[in-house]
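**Q** Got a structure here, written out as structure tokens. Questions coming.
The values are calculated or read from the model by the stated rules, or taken from the named source; none is laboratory data. Predicted model only: the values in this text are computed from it and were never measured. Please note: Cβ atoms are built from the backbone with ideal geometry, for glycine as well, and neighbour counts cover all protein chains shown.
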Amino acid sequence: MKFIDLKTQYERLSGPIHAGIQQVLEHGQFIMGPEVAELEQRLASFVGVEHCVTLSSGTDALLAAMMALGVGAGDEVITSPFTFVATAETIALLGAVPVFVDIDSVSYNIAPEQVAAVLTKRTKAIMPVSLYGQCFAVDDIGQIAQEAGIPVIEDGAQSFGASIRGRRSCGLSEIGCTSFFPSKPFGGYGDGGACFTDHAALASALRQVRNHGQDRRYHHPRLGFNGRLDTLQAAILLAKLEAFEQEVEQRTAIGQRYTKQFVARGAATTQDAEQGLLVPYVPDDQRSVYAQYTIQVDDRDALIAALDRDGIPTAVHYPVPLNEQPAFAHYPVRQSLEVSQRVSRRVVSLPMHPYLCEQDQDYIIDRVLMACG
């Protein structure tokens, strides 16, 4: 059994993938070829914004977003400690200070009331993470940011294709960022990422940043870096985009089936409890892409060992909050991060991909329930 089944996806899409690669090999424009521009246009339309700027990774997308907004040394950026390291790493690389706020115990995304409590005159941006494929609290955080006069950068590395009240992830704030890492809901065959915005000036700045700060050849009005998406990756992503909406529907159905089956057999949702076997809660006005199907259990090590014996792969996203990582130990913690600390000891992710069959899913559910007693 596979945790993420990229092989089946490839087998179903191999024809258009190979055709796209062959086209790039024939025209030879491997850097910023026509497929890059086409992908940007189609992704912007998919998200519902004016501009998409592709980049060489999701990490570079976050970095470029902050550079385009002028985040620099001494500035503060509010974000989550319960996420992949790239979120805070990019803040620190610019000399800014990651200000960690605790997460909401239901959604795993940063709690708006915690954001409001740590705003200072040095706050330059808020960077919520749409974790596990579910959008952040866009209305509450958006209002806080608007009143403070600061932008919001969505880290949508795990949520591309998700939506909240009909609005798609990455189109919910000044800049939305995502990742095309192979295991993501919309993944390529290597690193890649993108930024999305409705603001023409920000889009122009992002394009400059990703290409060494150039606005034209050998003219550099700002600092930047080499953050361009390879044309070959753009061609692969264009081929995979044709099946993406269907895959999102399949992911949603599989995630909902997991939850329905678990709850029917005694599990609680994160909305209803804080201990025991807990499964995700997704409100009716949201669609999650279930980048991971993450549950909570009282004895994670025992569950992982039991599932491993049964041939079921698992992963932990994430075992250590970022504020407890050595690289961030010198940054002050201004509030309790109790929820992040608690869930980091309890979460474990189960196999999740668009091609997970019901037979395998039922086997996973049975074995989890058996292990949890």
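**Q** Taking segment 193-224, which residues are of a type in the set (K, R), in a loop (DSSP other than H, G, I, E, B) and in contact (Cβ under 8 Å) with a residue 12 or more places away in the chain? Give the steps one after another, and end with the answer.
**A** Taking segment 193-224 first, the residues of a type in the set (K, R) are 207, 210, 216-217, 222.
When the remaining residues are screened for being in a loop (DSSP other than H, G, I, E, B), the result is 210, 217, 222.
Result: R210, R222.
**Q** For the list (1) in contact with a Gly (Cβ under 7 Å, 6 or more places away or on another chain); (2) modelled with pLDDT under 95, I need the number of the one condition that R334 fails.
**A** (1)
**Q** Condition first: outside any loop (DSSP other than H, G, I, E, B), assigned by TED's automatic domain parsing to the domain that holds P351 and over 22 Å from Y108 (Cα atoms). Can you find one or more residues in segment 320-335 that meet it? I'd like the intermediate steps shown before the answer.
**A** If we filter segment 320-335 for residues that are outside any loop (DSSP other than H, G, I, E, B), which is where we start, we get 322-324, 326-328.
The next check asks that each one be assigned by TED's automatic domain parsing to the domain that holds P351; those that pass are 322-324, 326-328.
Still in the list and also over 22 Å from Y108 (Cα atoms): 326-327.
Within segment 320-335, one or more residues are outside any loop (DSSP other than H, G, I, E, B), assigned by TED's automatic domain parsing to the domain that holds P351 and over 22 Å from Y108 (Cα atoms).
**Q** Just name the residue that is surrounded by the most Cβ atoms within 10 Å (Cβ to Cβ) out of those in segment 166-212 that are more than 27 Å from H317 (Cβ to Cβ) and among the charged types (D, E, K, R).
**A** So the first thing to find is which residues in segment 166-212 are more than 27 Å from H317 (Cβ to Cβ), and the list is 166, 197-212.
Add one more test, that the residue is among the charged types (D, E, K, R), and what stays is 198, 207, 210.
On the way: D198: 16, R207: 22, R210: 28.
Once the filter is applied, the top-ranked residue is R210.
**Q** Scan (1) over 23 Å from the mean Cα position of the chain (by Cα); (2) assigned to a loop (DSSP other than H, G, I, E, B) for the single condition S107 breaks and write down its number.
**A** Going through (1) over 23 Å from the mean Cα position of the chain (by Cα); (2) assigned to a loop (DSSP other than H, G, I, E, B) one by one, S107 breaks only (1).
**Q** Based on what the data block shows, is I21 of a type in the set (A, V, I, L, M, F, W, C), touching a residue at least 40 places away in the same chain (Cβ under 8 Å) and within 24 Å of A157 (Cβ to Cβ)?
**A** Working: of a type in the set (A, V, I, L, M, F, W, C): yes; touching a residue at least 40 places away in the same chain (Cβ under 8 Å): yes; within 24 Å of A157 (Cβ to Cβ): no.
It is false that I21 is of a type in the set (A, V, I, L, M, F, W, C), touching a residue at least 40 places away in the same chain (Cβ under 8 Å) and within 24 Å of A157 (Cβ to Cβ).
**Q** A273 fails exactly one of the following numbered conditions: (1) modelled with pLDDT of 95 or more; (2) over 15 Å from Y132 (Cα atoms); (3) hydrophobic (A, V, I, L, M, F, W, C). What is the number of that condition?
**A** With (1) modelled with pLDDT of 95 or more; (2) over 15 Å from Y132 (Cα atoms); (3) hydrophobic (A, V, I, L, M, F, W, C) applied to A273, the lone miss is (1).
**Q** Being modelled with pLDDT of 95 or more, of a type in the set (A, V, I, L, M, F, W, C) and out of contact with any helix residue (DSSP H, G or I) (no Cβ under 9 Å at 6 or more places or on another chain) narrows it down to one residue among V348, V320, V368, V343; which is it? Walk me through it before giving the result.
**A** Numbers: V348 fails: out of contact with any helix residue (DSSP H, G or I) (no Cβ under 9 Å at 6 or more places or on another chain); V320 fails: out of contact with any helix residue (DSSP H, G or I) (no Cβ under 9 Å at 6 or more places or on another chain); V368 fails: out of contact with any helix residue (DSSP H, G or I) (no Cβ under 9 Å at 6 or more places or on another chain).
Step by step, each of V348, V320, V368, V343 is checked, and only V343 is modelled with pLDDT of 95 or more, of a type in the set (A, V, I, L, M, F, W, C) and out of contact with any helix residue (DSSP H, G or I) (no Cβ under 9 Å at 6 or more places or on another chain).
**Q** Among the residues of segment 242-263, is any at negative phi, among the β-branched types (V, I, T), touching a residue at least 24 places away in the same chain (Cβ under 8 Å) and assigned by TED's automatic domain parsing to the domain that holds V138? Before you say what the answer is, go through the steps one by one.
**A** If we filter segment 242-263 for residues that are at negative phi, which is where we start, we get 242-263.
Pick out the ones that are also among the β-branched types (V, I, T) and you get 248, 252, 254, 259, 263.
Filter once more, keeping what is touching a residue at least 24 places away in the same chain (Cβ under 8 Å): 248, 252, 254.
Checking which are assigned by TED's automatic domain parsing to the domain that holds V138 leaves us with none.
For segment 242-263, residues at negative phi, among the β-branched types (V, I, T), touching a residue at least 24 places away in the same chain (Cβ under 8 Å) and assigned by TED's automatic domain parsing to the domain that holds V138: absent.
**Q** I've got another one for you. List, please: which pairs have Cβ atoms under 8 Å, are six or more places apart or on different chains, and start with a residue in segment 143-156 that is within 10 Å of I78 (Cβ to Cβ) and in the same structural domain as I91 (by TED's automatic domain parsing) and end with one that is in a helix (DSSP H, G or I) and not aliphatic (A, V, I, L, M)?
**A** Partner pairs satisfying both residue conditions: I144/P112; V152/G142.
**Q** Which one is farthest from G190 (Cα to Cα), of the residues in segment 39-70 that are polar (S, T, N, Q) and in contact with a strand residue (DSSP E or B) (Cβ under 6 Å, 6 or more places away or on another chain)? I'd like the intermediate steps shown before the answer.
**A** So the first thing to find is which residues in segment 39-70 are polar (S, T, N, Q), and the list is 41, 45, 54, 56-57, 59.
Still in the list and also in contact with a strand residue (DSSP E or B) (Cβ under 6 Å, 6 or more places away or on another chain): 54, 57.
Values: T54: 14, S57: 9 Å.
Here the answer is T54.
**Q** Are any residues in segment 229-288 part of a loop (DSSP other than H, G, I, E, B) and in contact with a Gly (Cβ under 6 Å, 6 or more places away or on another chain), and if so, which ones? Steps first, please.
**A** So in segment 229-288, the residues part of a loop (DSSP other than H, G, I, E, B) come out as 229, 265-267, 270-277, 280-285, 288.
Across segment 229-288, the qualifying residues are L229, S288.
**Q** Taking the stated definitions as given, is L172 closer than 28 Å to Q9 by Cβ, in contact with a Gly (Cβ under 8 Å, 6 or more places away or on another chain) and not in a loop (DSSP other than H, G, I, E, B)? Step through it out loud before you land on a result.
**A** Working: closer than 28 Å to Q9 by Cβ: yes; in contact with a Gly (Cβ under 8 Å, 6 or more places away or on another chain): yes; not in a loop (DSSP other than H, G, I, E, B): no.
When the stated conditions are applied, L172 does not pass them.
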